[in-house]
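Engineer: Below: one structure in structure tokens.
The values are calculated or read from the model by the stated rules, or taken from the named source; none is laboratory data. Computed from a predicted model, the values in this text were never measured in an experiment. Neighbour counts run over all protein chains shown; Cβ positions are idealised from the backbone, glycine included.
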Amino acid sequence: MNLFLFITTLLIVLLSYYIIFSQNITYSILSLLLIFLGIGILYMGLGSVFLFIVQWLVYAGGIVVLMLFTIYTLGLKKTDVVKLKEVFVAFFFVFLNLFFIWNIFKNYPFLKKITAFKMDFIFDTLLKDYILAFELISLILLTGIVGAFLIVREK
Amino acid sequence: MMGFYYFCGILLFINGILIMVLRKGFIYILIGIELSLNALSFLFFLASRSLGNPHGEIFAILLFGIAAAGIAIGLAILINLVKAKGTQDIEEFKDTGG
């Protein structure tokens with residue numbers, strides 16, 4: 001199981017590099033779908049079945065399909081080419097940053113044991129301590145739906 | 001092994017930022033936002049699991065809602081921009097004000 005999760009993680013990172021250099025919008029969105037499915041597998045392998053199900057339903061089933069539907073409706077085919085000079089500058093700064101992050105993480109005492117929570121404990125905390133944030137998220141979703149409708153409405 | 005997951009989560013977040021910065025298509029900016037938010041919720045989940053309290057996992061659950069609302073607004077803006085200009089290149093939208 002551990003080796004399987006290791007390979008999945010490596011595959012996810014490689015696919016995210018593929019999106020940076022890809023020329024085809026459809027292939028980019030399909031590799032985004034594979035990334036979402038892989039992160040869902042990581043959620044399940046690390047012990048949270050609920051986040052696995054929500055990840056596959058909301059991201060892989062909702063958001064990716066919505067993006068594919070939009071680009072097929074608009075007929076977007078052409079895309080840009082990445083400039084190599086910008087890529088070199090960006091990757092230089094990224095690896096400089098990663099060097100510092102690695103120096104911080106090198107001696108950090110990560111726990112060997114992974115704690116698992118029961119779902120009723122998590123939802124008790126969510127609906128008692130975080131009730132205001134929960135209601136605000138529902139308000140943001142409602143505003144998003146109404147706002148999207150108002151933006152695309154024909155005058 | 002936990003450090004490896006953390007490092008790959010950080011790499012995913014940075015790659016999302018790079019997609020937003022390096023590409024000129026509007027749909028790629030949306031892809032970058034989604035990838036960064038998803039990597040962020042994965043990092044929250046990892047922190048919750050390795051520190052032993054449930055608050056990180058709750059933040060991961062709340063981030064799903066924010067990402068879904070963001071992609072709905074973003075795709076609506078993309079539809080309007082493509083209707084107005086006929087392209088998704090963000091260089092063409094410099095004179096789009098108001």
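Engineer: Is there any pair linking a residue in the stretch B:79-98 that is under 15 Å from B:Leu30 (Cα atoms) to one that is exposed (fewer than 13 other Cβ atoms within 10 Å of the Cβ), with Cβ under 9 Å and at least six apart or on different chains, and which?
Structural biologist: B:Ile79/A:Thr73; B:Leu81/B:Thr96; B:Val82/A:Gly75; B:Gln88/A:Lys78; B:Asp89/A:Lys78
Engineer: In addition: Has the stretch A:64-76 got any residue that is closer than 18 Å to B:Gly74 by Cα, in contact (Cβ under 8 Å) with a residue 24 or more places away in the chain and more than 8 Å from chain B (Cβ to nearest Cβ)?
Structural biologist: Taking the stretch A:64-76 first, the residues closer than 18 Å to B:Gly74 by Cα are A:64-76.
This time we only want the ones that are in contact (Cβ under 8 Å) with a residue 24 or more places away in the chain, so: A:64, A:67-68, A:71, A:76.
Still in the running and more than 8 Å from chain B (Cβ to nearest Cβ): A:64, A:68.
Yes.
Engineer: Still on this model: Is it the case that the stretch B:75-83 has a residue that's basic (Lys, Arg) and either more than 17 Å from A:Phe69 (Cβ to Cβ) or more than 9 Å from every other protein chain (Cβ to nearest Cβ) (or both)?
Structural biologist: If we filter the stretch B:75-83 for residues that are basic (Lys, Arg), which is where we start, we get B:83.
Next, only the ones that are either more than 17 Å from A:Phe69 (Cβ to Cβ) or more than 9 Å from every other protein chain (Cβ to nearest Cβ) (or both) stay: none.
Looking for residues that are basic (Lys, Arg) and either more than 17 Å from A:Phe69 (Cβ to Cβ) or more than 9 Å from every other protein chain (Cβ to nearest Cβ) (or both), one finds none in the stretch B:75-83, hence no.
Engineer: Restricting to the stretch B:26-51, name every residue that is closer than 15 Å to A:Ile35 by Cβ, among the hydrophobic types (A, V, I, L, M, F, W, C), out of contact with any Phe, Trp or Tyr (no Cβ under 9 Å at 6 or more places or on another chain) and at the interface with another protein chain (Cβ under 8 Å from one of its Cβ atoms).
Structural biologist: Hits for the stretch B:26-51 are B:Leu30, B:Ile31.
Engineer: May I pose another question? Evaluate the following for B:Phe93: is it modelled with pLDDT under 90, surrounded by fewer than 21 Cβ atoms within 10 Å (Cβ to Cβ) and at the interface with chain A (Cβ under 8 Å from one of its Cβ atoms)? Quick ask: steps written out before the conclusion?
Structural biologist: On the way: modelled with pLDDT under 90: yes; surrounded by fewer than 21 Cβ atoms within 10 Å (Cβ to Cβ): yes; at the interface with chain A (Cβ under 8 Å from one of its Cβ atoms): no.
Judged against the criteria, B:Phe93 is not a match.
Engineer: Sticking with this one: Could you check, for the stretch A:52-67, whether at least one of its residues is in contact with a Ser or Thr (Cβ under 9 Å, 6 or more places away or on another chain) and within 24 Å of B:Phe7 (Cα to Cα)?
Structural biologist: Yes, the conditions are met somewhere in the stretch A:52-67.
Engineer: Filter the stretch A:1-16 down to the residues that are within 9 Å of chain B (Cβ to nearest Cβ) and surrounded by fewer than 14 Cβ atoms within 10 Å (Cβ to Cβ), then identify the one that is modelled with the lowest pLDDT. Explain how you work it out, then say what you get.
Structural biologist: Here is the first cut: in the stretch A:1-16, the residues within 9 Å of chain B (Cβ to nearest Cβ) are A:2, A:5-6, A:9-10, A:12-13, A:16.
Narrowing further to those that are surrounded by fewer than 14 Cβ atoms within 10 Å (Cβ to Cβ): A:2, A:10.
Numbers: A:Asn2: 85, A:Leu10: 93.
This residue is A:Asn2.
Engineer: Next question, about the same structure. Select from the stretch A:108-155 the residues that are touching a residue at least 60 places away in the same chain (Cβ under 8 Å) and more than 7 Å from chain B (Cβ to nearest Cβ) and write down the one among them that is surrounded by the most Cβ atoms within 10 Å (Cβ to Cβ).
Structural biologist: Going through the qualifying residues, I end up with A:Met119.
Engineer: Examine the stretch B:27-41 for a residue that is over 21 Å from A:Ile71 (Cβ atoms), surrounded by fewer than 21 Cβ atoms within 10 Å (Cβ to Cβ) and either out of contact with any strand residue (DSSP E or B) (no Cβ under 7 Å at 6 or more places or on another chain) or at pLDDT below 90 (or both), and state whether such a residue exists.
Structural biologist: Kept after step one, since they are over 21 Å from A:Ile71 (Cβ atoms), are these residues of the stretch B:27-41: B:39-41.
From what is left, the residues that are surrounded by fewer than 21 Cβ atoms within 10 Å (Cβ to Cβ) are B:40.
Okay, now just the ones that are also either out of contact with any strand residue (DSSP E or B) (no Cβ under 7 Å at 6 or more places or on another chain) or at pLDDT below 90 (or both), so B:40.
Yes, the conditions are met somewhere in the stretch B:27-41.
Engineer: Could you grab me the full set of residues in the stretch A:1-21 that are touching a residue at least 40 places away in the same chain (Cβ under 8 Å) and of a type outside the set (Phe, Trp, Tyr)?
Structural biologist: A:Met1, A:Leu5, A:Ile20
Engineer: Quick one: would you say A:Leu32 is part of a helix (DSSP H, G or I) and more than 10 Å from chain B (Cβ to nearest Cβ)?
Structural biologist: Details: part of a helix (DSSP H, G or I): yes; more than 10 Å from chain B (Cβ to nearest Cβ): no.
In short, no.
Engineer: Here's a follow-up. Testing A:Val49 on (1) within 27 Å of B:Leu78 (Cβ to Cβ); (2) surrounded by fewer than 17 Cβ atoms within 10 Å (Cβ to Cβ), one condition comes back false. Which one is that?
Structural biologist: Going through (1) within 27 Å of B:Leu78 (Cβ to Cβ); (2) surrounded by fewer than 17 Cβ atoms within 10 Å (Cβ to Cβ) one by one, A:Val49 breaks only (1).
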